[in-house]
Ligand code: SF4
């Protein structure tokens, strides 16, 4: 709704370099992907480019030592397949690459998923985009196989005060080391039919080494975020990040949340979409949007998500494939928690509270909650867990 208000009122101007970004975590519902594709098609009619981007790592050498560094790639709006290697991922690959690279899972206090797959990925994209080139450069080496050795990777982990035993570390890193170790050169015109090179004097003179630099005296930009007026605690979180005391925000970024400023509510948004001839086909209360089983949705919401997704588990979605084994299936989240959750005992860390809390998963050690508990819990158990967990809070 916010996007179409901006487009209809001609507030977005492609000649200035305005751009629309969709951060793909590879963990959304197929209907969300269809909706993003429809939004892309509609925004193209206004001439504003819409890019799908994904977090990815690549191999780089610093001082002769090879390691994986974070970056991103452009993808098109059709699912990845052997015939469409530039397609977007939806079977959890992007999320798992992050977990395998970082060797732990996010939780409500360390939301590395939002930070790495959305905020920092967008920022890296803008660093390139605002330099007004034709595309993004190749990253990584051209060798056929990985150049990272297990011994040097473990030595680096120890140097950084890591305490994960070597065999566990290597097991966790297996996935990321088998992901593409380079990012190819990519041209914007291959990913947006309405892309045109823009010339904005306000940014042109602030580009150094082919990349935009941000902050006072450098490039500044406005980022629109579609949080509503009835989502004040999420609004506050974004404001705190951007302008609050000790803001960790991104230099040069000015976040604007027009729906929140205009006190637009969930009902207003639903009214808007009721009047359109297309829509996000998911339930309007939003429980399936964002990453399907996002750990921030709260225990009661997650139980509702699980009931809905169990009913879809056997589906083979046209154009996508089987849902089973993807982030639309609780087994995928349970597997991620087991594979990448931190085993505090193996790391020789002090275990606080219940001595059974040896594994630090998506819900923290102290809640006693996990995806396997969610799968087995009764409604009464869920009510008890709900009191100790925060509600859905992904702000991006
Ligand atoms: S929706 Fe949830 S799981 Fe997905 S990136 Fe946001 S916080 Fe992380």
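Rule-based calculations on the coordinates, nothing more; no lab input. Small disclaimer: the values here were computed from a predicted structure and weren't measured. Glycine gets a Cβ as well: all are built from the backbone with ideal geometry, and neighbour counts include every protein chain shown.
Which whole-angstrom value gives the distance between the alpha carbon centres of segment 139-200 and segment 3-64? The distance from the Cα centre of segment 139-200 to that of segment 3-64 comes to 22 Å.
Where a ≥ b ≥ c are the square roots of the eigenvalues of the C-alpha gyration tensor, would you call segment 89-196 rounded, which needs a/c under 1.5, or, failing that, prolate if a/b is larger than b/c, or oblate? Prolate is the answer for segment 89-196, as a/c is 1.5 or above and a/b outweighs b/c.
Within the chain, DSSP assigns beta bridges of which about 65% are antiparallel (rounded to the nearest 5). Cβ crowding within 10 Å, taken as a proxy for footprinting-reagent exposure, orders 167, 279 from fewest neighbours to most as 167, 279. With neighbour counts taken as other beta-carbon atoms within 10 Å, the residues 183, 163 rank, fewest first, as 163, 183. If you build a Gaussian network model of the chain, linking Cα atoms that sit under 10 Å apart, which residue out of 234, 179, 349 swings the most? Of 234, 179, 349, the Gaussian network model singles out 349 as fluctuating most. Using the Cα coordinates of segment 272-328, the gyration tensor eigenvalues translate into equivalent-ellipsoid semi-axes of 20, 18, 9 Å, sorted from longest to shortest.
Please label the shape of segment 232-386 as rounded, prolate or oblate, based on the square roots a ≥ b ≥ c of the eigenvalues of the alpha-carbon gyration tensor (a/c under 1.5 means rounded; beyond that, a/b larger than b/c means prolate, else oblate). Since a/c reaches 1.5 but b/c is at least a/b, the shape of segment 232-386 is classed as oblate.
Could you work out the relative contact order of the chain, using alpha carbon pairs under 8 angstrom and six or more residues apart, expressed as a whole percent? Intermediate values should be presented prior to the final figure.
Details: 620 pairs, mean separation 76.7, N = 396.
Once divided by the residue count of the chain, the mean separation gives 19 percent.
Only helical runs count toward this figure. For the chain, summing -39,500 (n - 2.57) over DSSP H runs of n ≥ 4 and dividing by all residues gives -9500 deg cm²/dmol at 222 nm. Sorting 323, 153 by the number of Cβ atoms found within 10 Å of their own Cβ, with the fewest placed first, yields 153, 323. Expressed as a whole percent, the proportion of Cα-Cα pairs in segment 171-245 lying more than 16 Å apart is 75%. Per the Debye formula with a single identical scatterer at each Cα and no solvent contribution, what log10 I(q)/I(0) holds for segment 1-160 at q = 0.16 Å⁻¹? The computed values of log10 I(q)/I(0) come out as -1.05. For the chain, the normalised intensity computed at q = 0.07, 0.13 Å⁻¹ comes to -0.34, -1.28 (log10 of I(q)/I(0), Debye sum over alpha carbons, equal scatterers, no solvent).
Based on the Kirkwood approach, the hydrodynamic radius assigned to segment 295-388 is 14.5 Å, with every pair of different Cα atoms included. Temperature 37 °C, viscosity 0.692 mPa s: under these conditions the Stokes-Einstein estimate for segment 1-88, based on its Kirkwood radius over C-alpha pairs, is 220 µm² per second.
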